Structures are given as structure tokens and as C-alpha cells.
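Please treat every number below as a calculation from the coordinates, not as lab data. Being a predicted model, the structure only gives us computed values, none of them experimental. When we count neighbours, we look across all protein chains shown, and the Cβ atoms used for this are built from the backbone with ideal geometry, even at glycine.
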Amino acid sequence: MITAIRGMKDILPPETRRWQAVEQTAREVFALYGYQEIRLPLLERTELFARSIGQETDIVAKEMYTFLDRRGESVTLRPEATAQVVRAVLENRLLHGAGVKKYYTLGPMFRYERPQKGRYRQFHQINCEALGSDAPELDAEVILLLLELLQRLGLGQVRLLLNSLGCPACQQEFRARLALYLRQQTGWCHDCQRRRDTNPLRVLDCKSQHCRELLAGAPVMLDFLCPACKQHYSRVKALLAAQTLEEAPRLVRGLDYYTRTTFEVVATSLGAQDAVAGGGRYNGLVKELGGPDLPGLGFAIGQERLMELLPNKETKSSPLVFLVALGTQPRERAFRLLQQLRQAGLASDMDFEERSLKAQMSLAHRRGAALVVIMGERELETDEVILRDMTTSRQQTIPTDCLLPRLAEQLAGCQSNSFGNTAIIGGVTG
Ligand code: AMP
């Protein structure tokens, strides 16, 4: 048997219905805040990620799915969306015209990490990106959008961590002071010994427990913010005053392009991989990728972790009508009827294995059908069908002409079943 690749999992029904519901809510919230969907390829030139995320980051150094295509060009399965969104926005000239450009995108990301609970090699993100303004209101909007989405999804116990990483000017002094501290301490892991010289900020993101302990006395960025960055940070905090947030002066993110506002949403119930979402400003990124000097910010929600946190509510689905027919001609008639019901917006199905009456009835039961329409040779002759209500077990024989309105009437009172279709019962007239 051929199995799936390690770290890549199948998402199966009925779980897929929960995913759809989450994505639907995300789309609604994005629309409310004026964000439009953008759909991007899974494969990009390697250079895009190497240049934007940073050579010294774990993602670029160890985790990218990179290979040569048939023409020898180095391509990479996207490990994150921001660089791609910026690439697409520049390439398609979407920055023209006034106003902030607001986009969202949903889909899989790929990172060759060590798989464990909450960490996969193919995982899914809900991404939000806003380009074109450095106003603190935009930072606050993006964070509030994230919180609103999580709240609408029913996510309770989460913490919002907030920090500012300053601008390149204030990062310069911080970097020098941090490098000094890193040299003064001994015992850094092999990677951090290298990062000390190449990109000291990356040491702050090291996952080794020992390095984390050594970092306890390291200088923090907030103490080095220039007056403009300090003011920006205070205004963001003031705009978010109504929210419960925790300042996290040691919060850095695993990508190099972040500046100023940086945030993460964590849920302790997730265990070691506790970050549900993360994001922040990336004011230098558009320029770095060959565009104008335009600021931007965004976030990414990890969808697998989000699903794990959501209350396991049963998702509502529309009631099912199951057609049961015996004999070739009744089956043909049932098949035509099936299409009519579907065109009328009723979730409906039939048996495709020519089973016995009893077996078809039990299939209808297992599928959670609310109503069953039965027809045999006799009903064919009289142009009637038998309609059985599966809840009350009551049966009645009705003329085929009356079936649609009768179904609509009976289904209007029905609740959900386990079969996942969406029926617009109100669309049926009669
Ligand atoms: P990042 O792009 O690293 O800032 O990650 C944003 C969010 O994506 C994180 O907060 C996680 O929820 C999720 N995430 C990142 N890497 C993985 C992974 N390997 N498996 C599952 N979720 C992930």
C-alpha cells in the first residue's frame, strides 16, 4: 500500500465540514474589514523566499522543500505566504491607486520540520496582509480582525502577546548590544554560535532550552526603540486598550522581515506548539523585493492548530432525502427524480449498488436520511411514490406531482442529519 508522506495528513469527512465552516467565517470577517481574496501558486522561485525570509532563519536554512525543476531552475514549495503576496502584488501592479491594499489568502504551506503534535510538513494557514500604510490604526485593525475571527469561531482561552521590533535604525544599536551579550556568555548551541556573528537577532528565536535560559539576561528591543518607534508602539497599545494583551518584550518571529509591531496568539492547551497565529509589520519587505518603499503588515493563523482548539460542535447540515427503488424502470425513474430534487435544492441521494429493498432502507438509515421516497413497479404504474418519514416511521402514498412541495413542507421542520450537503429548501415552490 502506498501511504502519505510523513508529516502530511489527509483531512477527511466529517472533519472537512468543520474546515469549511471555519473558512466561511474567515471569509465573512475579512469581507467585513475590506480584505479581498488572493489565490497564489504553491510553487515559487527559491530566490523569493531566500531573499525575504532571511538566509539565517530556520525556514530557509533547514526547512524548505526546494528542488530543481526539469529545466534546472531552483523552485520551492511555499513555506509562508507574505513574500508571495508581495511578489504577486508587485508583479500584477496592484499597488497603484489610493488606499491601503488589503488581501487574504487560504491554503497549504510546506516546511520540512520534525513532525509532532501540532507540527506538520504540510499545514494550512489563513493569511492576512495589508500594504501601504504605517498608521498604528492599521496595526490595531489587523490585530482586531484576528481577534474577532477567533472569537466568532468560539475560541476561548487564548493570549495575545505584543512586542515591537523597532525599525532598522533602532535595531542597529540593539543588534550591537545583543552581539556583545552573546559573546560574553558561553554555552550557545552550534547554530547560535554562527548566528552570533551573522544575524544575532536570530538567536532570540532559538528553540534550544539551554539557549533560551542563557537569553534570560539579554537586552530587550523595547529599551532600544527610537522615539518614532516608541510612539508608534504606544499608539498601537492605546488603540488596543480594550483588549487583554500581554507585552512580550522577548517575542521575535522566525522570519527576518519583521519590523515594529509583532504579535502572536498562543493557547496553552496546545502544549509545546502553542502558537495559533502570528504576525506583524514588515516595513522593508516590499522594497527588498524590488518595489517601492511601502510599509505593510499581516498575520498567519495555523489552521490545524486552530481546528484543534475549536469546541467540537456538531456542524449543521441539511436534511437528506433518500430515494429507494426496486427494478430497472423504477430505478431509472428514481434517478430522474433525484436530479429534479437536486435542481430544486434538496440534498438527496440513492443507492448505486442495486441492493435489496431492506438493504436500501438500512443504507438510508445509516446515512441519516430524514425522508425516504420509495418506488417499485406498482408505483410506476400508478405514477405515485411512497413517502416515509424516518423520524416517525409514518408512510403515505402520494402522486409524484405532489412530491416536491410535500418534501419541501416536511423538510422545513427537519433539523440536521449527519450527511453534509447544503440545501436551499426555501428555493422550492409549490
Ligand atoms: P509562521 O509563519 O511561522 O509565523 O507561523 C504562523 C502560524 O502557522 C503559527 O502560529 C502556527 O499556528 C502555524 N504553523 C507554523 N508552522 C507550522 C507547522 N509546521 N505545522 C503546523 N502549523 C504551523
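Annotations for the structure displayed:
- Rounded to the nearest 20 debye, dipole of the chain from Cβ charges on Lys, Arg, Asp, Glu: 960
- Here the scattering of the range 1-89 is modelled by Debye summation over its C-alpha atoms, one equal scatterer each and no solvent; at q = 0.14, 0.18 Å⁻¹ the log10 of I(q)/I(0) is -0.75, -1.03.
- Rel. contact order, % - alpha carbon contacts under 8 angstrom, at least six apart, the chain: 15
- Inter-label distance for His210 and Arg336, nm, one decimal - labels placed 7 Å from Cα along Cα-to-Cβ: 7.9
- For the range 98-172, applying the loop criterion from DSSP together with a ceiling of 16 other beta carbons within 10 Å to the trypsin sites (Lys or Arg not before Pro) yields Lys117.
- Restricting the trypsin sites (Lys or Arg not before Pro) of the range 321-362 to loop positions (DSSP other than H, G, I, E, B) with no more than 16 neighbouring Cβ atoms within 10 Å leaves Arg355.
- Exceedance of the 28 Å cut-off in Cα-Cα distance is limited, within the set Lys313/Lys358; Lys9/Lys313; Lys9/Lys287; Lys62/Lys237; Lys117/Lys313; Lys237/Lys313, to Lys313/Lys358; Lys9/Lys287; Lys62/Lys237; Lys237/Lys313.
- Diffusion coefficient, µm² s⁻¹, Stokes-Einstein with Kirkwood Rh over alpha-carbon pairs of the chain at 25 °C and 0.890 mPa s: 98
- Cα long-axis angle, helix 168-184 against the chain (0 to 90 degrees, to the nearest 10): 70
- Each label point was placed 7 Å from the Cα along the Cα-to-Cβ direction; for Gln343 and Ala272 their separation is 5.7 nm.
- Estimated from helical segments only, the mean residue ellipticity of the chain at 222 nm is -10500 deg cm²/dmol, where each DSSP H run of four or more residues counts as -39500 (n - 2.57).
- Cut-off of 10 Å, at most 15 other beta carbons, DSSP loop: longest stretch of the chain lacking such GluC sites (Glu not before Pro): 74-313
- The loop-placed trypsin sites (Lys or Arg not before Pro) in the range 196-253, going by DSSP, that have at most 16 neighbouring Cβ atoms within 10 Å of their Cβ come out as Lys207, Arg250.
- Under 9 Å, Cβ to Cβ, from Val266 - net charge with Lys/Arg +1 and Asp/Glu -1: -1
- Spatial separation of Cα centroids for the range 323-385 and the range 219-261, in angstrom: 63
- Crossing angle, helix 328-343 versus the chain [Cα axis fit, 0-90 degrees, rounded to tens]: 50
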